[in-house]
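The values are calculated or read from the model by the stated rules, or taken from the named source; none is laboratory data. The structure presented is a predicted model; accordingly, all values stated were derived computationally and were not measured. Cβ: placed from backbone, ideal geometry, glycine included. Neighbour counts: every protein chain shown.
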């Protein structure tokens with residue numbers, strides 16, 4: 001189990017990582033449910049991005065939360081809004097979320113949790129996809145891994161080159177608007193990847209439930225770096 005071994009080792013480095021988004025004392029994070037259990041997110045809301053954005057903003061405002069947190073290993077219904085997640089043969093669609101989403105204001109700064117190198121980047125323009133995406137490679141006490149940042153602004157990659165050095169705490173990107181982030185409400189999709197498996201500028205952020213074990217074994221829990229789930233959370 002690659003992911004379990006990696007997670008056990010990563011727990012030794014609590015406090016080492018810089019925040020990935022700006023966080024101040026007293027900030028609240030709202031746990032957001034994107035599964036079938038959340039009946040507020042009906043097809044009408046998901047089909048209209050303005051309604052979807054209002055839904056996110058209203059939830060954050062009502063909770064007094066700076067960010068909404070969308071869960072890792074969550075089986076979601078929201079991906080029905082895009083054919084990107086459908087199987088071309090009409091079989092099982094992709095619905096299992098492999099990262100953590102941080103929902104917030106457009107242009108929110110994105111920072112490196114530790115020193116890294118730009119592995120690759122890409123703009124995925126089709127609706128429902130990542131939009132602007134950056135992948136960093138990292139080394140930590142003999143551990144090699146990657147972090148992926150999806151749904152960014154196009155300006156984030158305007159002057160970027162593969163091999164660029166990004167230092168811990170550096171601001172290197174920002175949340176994008178719908179036209180540049182895959183037509184989603186502003187947010188960051190953050191994930192950890194152990195083996196890029198030949199991908200560049202991309203790695204699935206969602207998988208079929210039947211492939212859950214394989215993908216989770218290559219995509220460990222991102223909150224071991226973010227540390228946004230346990231404290232300061234409110235339910236909504």
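Go through the stretch 111-144 and count every residue that is surrounded by fewer than 19 Cβ atoms within 10 Å (Cβ to Cβ), modelled with pLDDT of 95 or more, in contact with a helix residue (DSSP H, G or I) (Cβ under 7 Å, 6 or more places away or on another chain) and within 20 Å of residue 218 (Cα to Cα). Qualifying residue count for the region: 0. Examine the stretch 74-89 for a residue that is closer than 23 Å to residue 215 by Cβ and at pLDDT 90 or above, and state whether such a residue exists. The answer is yes, given that some residue of the stretch 74-89 is closer than 23 Å to residue 215 by Cβ and at pLDDT 90 or above. Taken over the stretch 220-236, the residue count meeting the criterion of being outside any loop (DSSP other than H, G, I, E, B) and at pLDDT 90 or above is 4. Residues considered: 212, 167. Of these, the only one that is touching a residue at least 24 places away in the same chain (Cβ under 8 Å) and under 30 Å from residue 25 (Cα atoms) is 167. Does residue 145 count as outside any loop (DSSP other than H, G, I, E, B), in contact with a strand residue (DSSP E or B) (Cβ under 9 Å, 6 or more places away or on another chain) and under 23 Å from residue 93 (Cα atoms)? It is false that residue 145 is outside any loop (DSSP other than H, G, I, E, B), in contact with a strand residue (DSSP E or B) (Cβ under 9 Å, 6 or more places away or on another chain) and under 23 Å from residue 93 (Cα atoms).
Within the stretch 186-196, is there a residue that is closer than 17 Å to residue 16 by Cα, outside any loop (DSSP other than H, G, I, E, B) and free of Cβ contacts under 8 Å to residues at least 24 places away in the same chain? For the stretch 186-196, residues closer than 17 Å to residue 16 by Cα, outside any loop (DSSP other than H, G, I, E, B) and free of Cβ contacts under 8 Å to residues at least 24 places away in the same chain: absent. Condition first: touching a residue at least 24 places away in the same chain (Cβ under 8 Å), more than 22 Å from residue 186 (Cβ to Cβ) and surrounded by fewer than 19 Cβ atoms within 10 Å (Cβ to Cβ). Can you find one or more residues in the stretch 94-110 that meet it? No: zero hits.
Filtering the stretch 170-204 to residues that are over 20 Å from residue 53 (Cβ atoms) and loosely packed, with under 14 Cβ neighbours inside 10 Å leaves 171, 197, 198, 200. So, residue 155, is that one in a helix (DSSP H, G or I) and closer than 27 Å to residue 32 by Cβ or not? Yes, satisfied. Checking each residue in the stretch 14-63 for being modelled with pLDDT of 90 or more, out of contact with any strand residue (DSSP E or B) (no Cβ under 7 Å at 6 or more places or on another chain) and within 30 Å of residue 115 (Cβ to Cβ) picks out 16, 17, 23, 24, 25, 26, 27. If I filter the stretch 28-51 for residues that are under 23 Å from residue 171 (Cβ atoms) and in contact (Cβ under 8 Å) with a residue 40 or more places away in the chain, do I get at least one hit? Yes, there is a match, as at least one residue in the stretch 28-51 is under 23 Å from residue 171 (Cβ atoms) and in contact (Cβ under 8 Å) with a residue 40 or more places away in the chain. One residue alone among 176, 201, 169 is within 23 Å of residue 105 (Cβ to Cβ), out of contact with any helix residue (DSSP H, G or I) (no Cβ under 8 Å at 6 or more places or on another chain) and at pLDDT 95 or above, and that residue is 169. Taken over the stretch 204-219, the criterion of being part of a loop (DSSP other than H, G, I, E, B) and either at positive phi or modelled with pLDDT of 95 or more (or both) is satisfied by 219 alone.
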